[in-house]
1. For the stretch 182-195, indicate whether the set of residues that are among the small types (G, A, S) and part of a loop (DSSP other than H, G, I, E, B) is non-empty.
2. Just a yes or no: is a residue in the stretch 91-107 part of a loop (DSSP other than H, G, I, E, B), assigned by TED's automatic domain parsing to the domain that holds R165, of a type in the set (D, E, K, R) and crowded, with 16+ Cβ neighbours inside 10 Å?
3. Look at S69 and say whether it is touching a residue at least 40 places away in the same chain (Cβ under 8 Å), under 30 Å from A39 (Cα atoms), out of contact with any Lys or Arg (no Cβ under 8 Å at 6 or more places or on another chain) and of a type outside the set (V, I, T).
4. How many residues does the stretch 85-125 hold that are at pLDDT 95 or above, over 20 Å from the mean Cα position of the chain (by Cα) and of a type in the set (G, A, S)?
5. Quick one: would you say F173 is touching a residue at least 24 places away in the same chain (Cβ under 8 Å), within 18 Å of the chain's Cα centre (by Cα) and buried (at least 20 other Cβ atoms within 10 Å of the Cβ)?
6. Can you tell me which residue is nearest to F181 (Cα to Cα) among those in the stretch 13-71 that are among the small types (G, A, S), out of contact with any strand residue (DSSP E or B) (no Cβ under 7 Å at 6 or more places or on another chain) and assigned to a helix (DSSP H, G or I)?
7. Residue check, G54 against (1) surrounded by fewer than 18 Cβ atoms within 10 Å (Cβ to Cβ); (2) over 22 Å from S108 (Cα atoms), all met but one. Which one?
Amino acid sequence: MTIRMYDLAGANPAVRFSPYCWRARMALAHKGLDVETIAWRFSDKEAIAFSGQGLVPVLRDGDTIVNDSWAIAEYLDKTYPDRPVLLDGEQGRALANFARHYAQNVLSGILFKAIMMDLFNAIDPGDRAYFRESREKRVGSTLEQFQIAPDAARAQLNTALSPLRAVLKEQPFINGRHAAFADYCVFGAFMWARNVSSVSLIAEDDPTHAWRERMLDLFDGLARKSPRATA
């Protein structure tokens, strides 16, 4: 039976930008599993009501329903143990857990401020009123006031990338010689920015840039081939 994943889409249904959905999408590719991705928008709460909550990604594998990218990674390792591992042992799990919190609590905040209006323009018009109201309540200002200039975003990101840069000077992936879920957690944040904005935030001589290029090329260029709202 085909695995299905509900995946946040923009005004163009082919544009997929959720960092959490990208974590899950890369995890599925890591396992070598085929998946049918179903375009989902903020206003489509009823479409995923069967999952008991209102957020994506939602994975449906036969009769099994899993939501949340971390839970999906755990499920995939448990259900498909004969395929490449995402969370390899206690140490691999701890590394991935650090990476997901680093991405959520450090990188995503800076990227959010850098791409706010591009993100707003990329989402479906039917979602924009909800998005504006919910995000302005969250950040305590208008979207326009919250966004920062590219130079300021680059400066903040340059500092935030310091630990990641140090690691990537010594090894090709966060996980070591090969990418795993720790990489996908961080990469998801960069795919969020890449697929909705044309703003350049990382210098080409930064080890993080080279790592991102390697990530884009994984799985026959799965991420690189994904449509961008600004293309």
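The values are calculated or read from the model by the stated rules, or taken from the named source; none is laboratory data. Treat the numbers as computed from the prediction; the structure is a model and nothing was measured. When we count neighbours, we look across all protein chains shown, and the Cβ atoms used for this are built from the backbone with ideal geometry, even at glycine.
1. No, there is no match, as no residue in the stretch 182-195 is among the small types (G, A, S) and part of a loop (DSSP other than H, G, I, E, B).
2. So the first thing to find is which residues in the stretch 91-107 are part of a loop (DSSP other than H, G, I, E, B), and the list is none.
No: zero hits.
3. Numbers: touching a residue at least 40 places away in the same chain (Cβ under 8 Å): yes; under 30 Å from A39 (Cα atoms): yes; out of contact with any Lys or Arg (no Cβ under 8 Å at 6 or more places or on another chain): no; of a type outside the set (V, I, T): yes.
So S69 fails the test.
4. Residues that pass the stated criteria total 0.
5. Values: touching a residue at least 24 places away in the same chain (Cβ under 8 Å): yes; within 18 Å of the chain's Cα centre (by Cα): yes; buried (at least 20 other Cβ atoms within 10 Å of the Cβ): no.
In short, no.
6. Taking the stretch 13-71 first, the residues among the small types (G, A, S) are 14, 18, 24, 27, 29, 32, 39, 43, 47, 49, 51-52, 54, 62, 69, 71.
Then keep just the ones that are out of contact with any strand residue (DSSP E or B) (no Cβ under 7 Å at 6 or more places or on another chain); that gives 14, 27, 29, 32, 43, 49, 52, 54, 62, 69, 71.
Among the residues that remain, those that are also assigned to a helix (DSSP H, G or I) are: 27, 29, 49, 69, 71.
On the way: A27: 7, A29: 11, A49: 27, S69: 10, A71: 12 Å.
Selected residue: A27.
7. (2)
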